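First the structure, in the form of structure tokens, and then the observations on it.
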Amino acid sequence: MDKTETTVVQKATPLGGRAWASLLIFGFVGQMAWMVENVYFATFIQKNITAAGWATSATVAASAVAAALATIFSAAWSDRVGRRRSFVCWGYILWGVTTAAFALFGNGQVTMAVGLAVTLFVVMDCVMSAIGSAANDAAFSAWVTDVTDVTNRGVVDIVLSIMPILALVVIFAGFDGMTTSGNWTVFFLVLGGLTTVAGLLGLGIFRDSPALRPTTGSTYLRDVAYAFRRENIRANKMIYVCFLGMMFSGLAMQLWQPYMISLVEVTLGIENYIVPIGIVVVISAVLSVLAGKLMDKFGKEKFYYPVALIQVLGGLLAYAIKFWGHPMLLLCIGGTMIMAGNLAMAGLFTAASRDYTPEGRAGASQSVKMVIYIMLPMVLGSVIDPWIIRAAAMEPTAEILAKYPSYAGSYLYPYELFLAAAVAAVFILLPAWFVRRDARRLRAAKLEEIGQ
């Protein structure tokens, strides 16, 4: 270990109680809202409208595009006015309201025509995703960059990266029973209400960074386009390399996560899906926090390759269920490796991208992150998944059709979704090589900036 790495451990910049409270509240509640959108919207469609892959894919892809556009325009706006608080707090309030609106679909099988039901669901999802992205992916993520520095971003971003897992555990423990009993109305109302309450609470505790200043010297539309202009891409190319690594890691998750509950419950035949998924998410969260502390101590550059390979191996182990059986064991081990690897990789690349972010352009960086890391994996997954589902078609049995009528005319979701996740994770190694090569120089430069 060199002197620079030891110094990073000893002199991590303290954030303060108010900042940590805001990080934890908005990080956690925001991910609860996204978990409803990413997992339970898809599950609702699959169980109550149709299990056909095109319906889930249409929802995922359309909402991804809406979220990306909202992030691009709102991120530039928050940079321009030099304010995050109002975007975050009022955004969460409205985000909760639009999430609760899905209670209007009622409980059980939706009686309207499938095409009409899916279209209405997609439109509502796009509105909700746009508001959520403006509040969380644009303003809140930019605020995290504002209040952190190179000495504490590793642990902060790992903590934030496990929030989706913690959110899923809490939803499973406290709210999933509503969906299994068919009480979707109360589920959407309660989870939407919690998001609104977080926004109201934030009005009292959330504060912008004292160093945040409005960007000047340009028009709003030029600020919107800042991160997409050729000269800025060339000048800040390593940010885009970081986001590309996150994109492949995100794709490895996106190829199976929208089908997660149905994969476990229907394809693998594990009716009590909370047990294996709960094991996976809890262990993944613990491992990710431990990894975050090690990254800050020994340097992020030492972890890129091992973490990427863990994701690859996890996908292969989960796919092996098709040949070896033992679904509970292999799902818990392989699923933990996929998820823990994804969380750690998100923390690695996110922390590095913040270190490369130009001063005053945290919002602009979040807009391009939204396109590369969020939208691209969701759109690509939406194109690839239906093809995999059809190519590796598994016909539902009469018993399954009797229990899950939405599978009529469709297929079971195949094990090959896990194999596709492993293949996607292999591509993480290329951007990881570039970021790893520059890590020591970057850290030394950032430490010098803050006087360490």
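The values are calculated or read from the model by the stated rules, or taken from the named source; none is laboratory data. Nothing here was measured: the structure is a model prediction, and the numbers come from that model. Using ideal geometry, Cβ is built from the backbone for each residue, glycine included, and neighbour counts are taken over all protein chains shown.
If GLY177 meets every condition in (1) assigned to a helix (DSSP H, G or I); (2) in contact (Cβ under 8 Å) with a residue 60 or more places away in the chain; (3) over 24 Å from ALA64 (Cα atoms); (4) not acidic (Asp, Glu) apart from one, which number is that one?
Condition (2) is where GLY177 drops out.
Can you name every residue in segment 49-62 that is crowded, with 21+ Cβ neighbours inside 10 Å and part of a helix (DSSP H, G or I)?
GLY53, ALA55, THR56, SER57, THR59, VAL60, listed by residue number.
One residue is enough: does segment 256-264 have a residue meeting the conditions at pLDDT 90 or above and either touching a Leu at 6+ places or on another chain (Cβ under 7 Å) or under 20 Å from ASN342 (Cβ atoms) (or both)?
No, segment 256-264 has no match at all.
Restricting attention to segment 367-382, which residues are within 12 Å of the chain's Cα centre (by Cα), closer than 28 Å to ARG80 by Cβ and not hydrophobic (A, V, I, L, M, F, W, C)?
Once the filter is applied, which keeps residues that are within 12 Å of the chain's Cα centre (by Cα), closer than 28 Å to ARG80 by Cβ and not hydrophobic (A, V, I, L, M, F, W, C), segment 367-382 yields LYS369, TYR373.
Within 30 Å of GLU416 (Cβ to Cβ), of a type in the set (A, V, I, L, M, F, W, C) and assigned to a loop (DSSP other than H, G, I, E, B), is that true of ILE261?
Numbers: within 30 Å of GLU416 (Cβ to Cβ): yes; of a type in the set (A, V, I, L, M, F, W, C): yes; assigned to a loop (DSSP other than H, G, I, E, B): no.
So ILE261 does not fit the description; no.
Yes/no matrix, rows are residues, columns are (1) more than 16 Å from the chain's Cα centre (by Cα); (2) small (Gly, Ala, Ser); (3) at pLDDT 90 or above:
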{"site": "ASN38", "(1), (2), (3)": "no, no, no"}
{"site": "ALA52", "(1), (2), (3)": "yes, yes, no"}
{"site": "SER63", "(1), (2), (3)": "no, yes, yes"}
{"site": "ALA67", "(1), (2), (3)": "no, yes, yes"}
{"site": "ARG80", "(1), (2), (3)": "yes, no, no"}
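Going through segment 408-420 one residue at a time, which ones are out of contact with any Ser or Thr (no Cβ under 6 Å at 6 or more places or on another chain) and either part of a loop (DSSP other than H, G, I, E, B) or free of Cβ contacts under 8 Å to residues at least 60 places away in the same chain (or both)?
Once the filter is applied, which keeps residues that are out of contact with any Ser or Thr (no Cβ under 6 Å at 6 or more places or on another chain) and either part of a loop (DSSP other than H, G, I, E, B) or free of Cβ contacts under 8 Å to residues at least 60 places away in the same chain (or both), segment 408-420 yields ALA408, GLY409, SER410, TYR411, PRO414, TYR415.
Table: residues versus (1) surrounded by 22 or more Cβ atoms within 10 Å (Cβ to Cβ); (2) touching a residue at least 12 places away in the same chain (Cβ under 8 Å).
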| position | (1), (2) |
| --- | --- |
| ILE277 | yes, yes |
| MET295 | yes, yes |
| GLY299 | no, yes |
| TYR305 | no, yes |
| ALA318 | yes, yes |
| PHE323 | no, no |
| PRO327 | no, yes |
| LEU331 | yes, yes |
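Do we have GLY347 as touching a helix residue (DSSP H, G or I) at 6+ places or on another chain (Cβ under 6 Å) and closer than 29 Å to ILE239 by Cβ here?
Taking the combined requirement at face value, the residue satisfies it.
Here's a check for you: in segment 279-293, which residue that is small (Gly, Ala, Ser) and under 28 Å from PHE434 (Cβ atoms) is surrounded by the fewest Cβ atoms within 10 Å (Cβ to Cβ)? Outline the logic, then answer.
Applying the first criterion (small (Gly, Ala, Ser)) to segment 279-293 yields 284-285, 288, 291-292.
Now narrow it down to the ones that are under 28 Å from PHE434 (Cβ atoms): 284, 288, 291-292.
Values: SER284: 26, SER288: 24, ALA291: 26, GLY292: 27.
Taking the candidates together, the pick is SER288.
Residues of segment 12-23 being in contact (Cβ under 8 Å) with a residue 24 or more places away in the chain and hydrophobic (A, V, I, L, M, F, W, C), which ones?
Matches in segment 12-23: ALA12, LEU15, ALA19, ALA21, LEU23.
How many of the residues in segment 203-222 are at pLDDT below 80 and either within 24 Å of ALA352 (Cβ to Cβ) or among the β-branched types (Val, Ile, Thr) (or both)?
3
Kindly check whether there is at least one residue in segment 143-156 that is part of a helix (DSSP H, G or I), under 28 Å from ALA58 (Cβ atoms), in contact with a Ser or Thr (Cβ under 8 Å, 6 or more places away or on another chain) and touching a residue at least 60 places away in the same chain (Cβ under 8 Å).
For segment 143-156, residues part of a helix (DSSP H, G or I), under 28 Å from ALA58 (Cβ atoms), in contact with a Ser or Thr (Cβ under 8 Å, 6 or more places away or on another chain) and touching a residue at least 60 places away in the same chain (Cβ under 8 Å): absent.
If a residue must be in contact with a helix residue (DSSP H, G or I) (Cβ under 7 Å, 6 or more places away or on another chain), of a type outside the set (Ser, Thr, Tyr) and in a helix (DSSP H, G or I), how many such residues does segment 107-142 contain?
Matching residues across segment 107-142 total 19.
Give the residue that is surrounded by the most Cβ atoms within 10 Å (Cβ to Cβ), with candidates limited to residues of segment 349-359 that are over 14 Å from the mean Cα position of the chain (by Cα) and outside any loop (DSSP other than H, G, I, E, B).
ALA352
Take LEU104 and tell me if it is without any contact (Cβ under 8 Å) to a residue 12 or more places away in the chain and assigned to a helix (DSSP H, G or I).
yes
Tell me which residues, restricted to segment 183-224, are of a type in the set (A, V, I, L, M), touching a residue at least 24 places away in the same chain (Cβ under 8 Å) and part of a helix (DSSP H, G or I).
Answer for segment 183-224, where residues must be of a type in the set (A, V, I, L, M), touching a residue at least 24 places away in the same chain (Cβ under 8 Å) and part of a helix (DSSP H, G or I): VAL186, LEU189, LEU191, LEU194, VAL197, ALA198, LEU200, LEU201, LEU203, ILE205, VAL224.
Residue by residue, here is whether (1) over 30 Å from THR180 (Cβ atoms); (2) at pLDDT 85 or above holds:
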| residue | (1), (2) |
| --- | --- |
| PRO276 | no, yes |
| SER288 | no, no |
| ALA291 | yes, no |
| PHE298 | yes, no |
| HIS326 | no, yes |
| LEU330 | no, yes |
